[in-house]
Amino acid sequence: MHRTAFFADTTALILFFTTTGIINERWIAGMAWEQVLHARLIGAVLMVPVARPYGLWRDWVMQCAGSSRVSKLLWDSVALMSFQVPIYMVIIAFSGASGSGLVRGTLGAALMMLLLGRPYGAFLNWVRRLFGLPPGGERPMSLGD
């Protein structure tokens, strides 16, 4: 089950954030298409080792969420921002963003993570179901999944 969880979380992260990363890098950070491609290639490589740790992190953070939609939205956003924004900042810096572009890109990513926290959480749970796994955040975190 651990291997299946790794593949589910990795698939979800790559599909979702390749799309949103392109939007942020090109139209918010103002990066050239060549820089966007470079950032997405680096991002894809980095998403593989961080997808499952993020999935575990999210599952753990979501234990704080209540049953209301507002609570789930808040905690999904906290999980995503706290884990992904620092990684994203490094990716676009290594891809050529600097100065105000780096600041705009990082702030854009932070805003996107706030807005996309719950949609990504729902997408992640959907992908997990496709892989035959339970949704996350509903039971204690376990590395032995």
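A few notes on this one:
- Checklist (1) closer than 13 Å to residue 128 by Cβ; (2) part of a loop (DSSP other than H, G, I, E, B) applied to residue 11, failing item: (2)
- Search result, residues across the stretch 1-44 that are among the β-branched types (Val, Ile, Thr) and more than 19 Å from residue 120 (Cβ to Cβ): 4, 36, 42
- Residue satisfying condition, being modelled with pLDDT of 90 or more, assigned to a helix (DSSP H, G or I), charged (D, E, K, R) and surrounded by fewer than 21 Cβ atoms within 10 Å (Cβ to Cβ), within set 52, 58: 52
- Residue in the stretch 63-85 that is in a helix (DSSP H, G or I), closer than 24 Å to residue 122 by Cα, under 11 Å from the mean Cα position of the chain (by Cα) and of a type in the set (Asp, Glu) present: yes
- Leading residue by the ranking (least open to solvent (accessible area, probe 1.4 Å)) among those in the stretch 116-136 that are aromatic (Phe, Trp, Tyr) and assigned to a helix (DSSP H, G or I): 120
The values are calculated or read from the model by the stated rules, or taken from the named source; none is laboratory data. Just so you know, these numbers come straight off a predicted model, no measurement behind them. We place every Cβ from the backbone using ideal geometry, glycine too, and count neighbours over all the protein chains shown. With ligands, DNA and RNA removed, areas are computed over all heavy atoms of the protein, side chains included. Shrake-Rupley method; radii C 1.70, N 1.55, O 1.52, S 1.80 Å.
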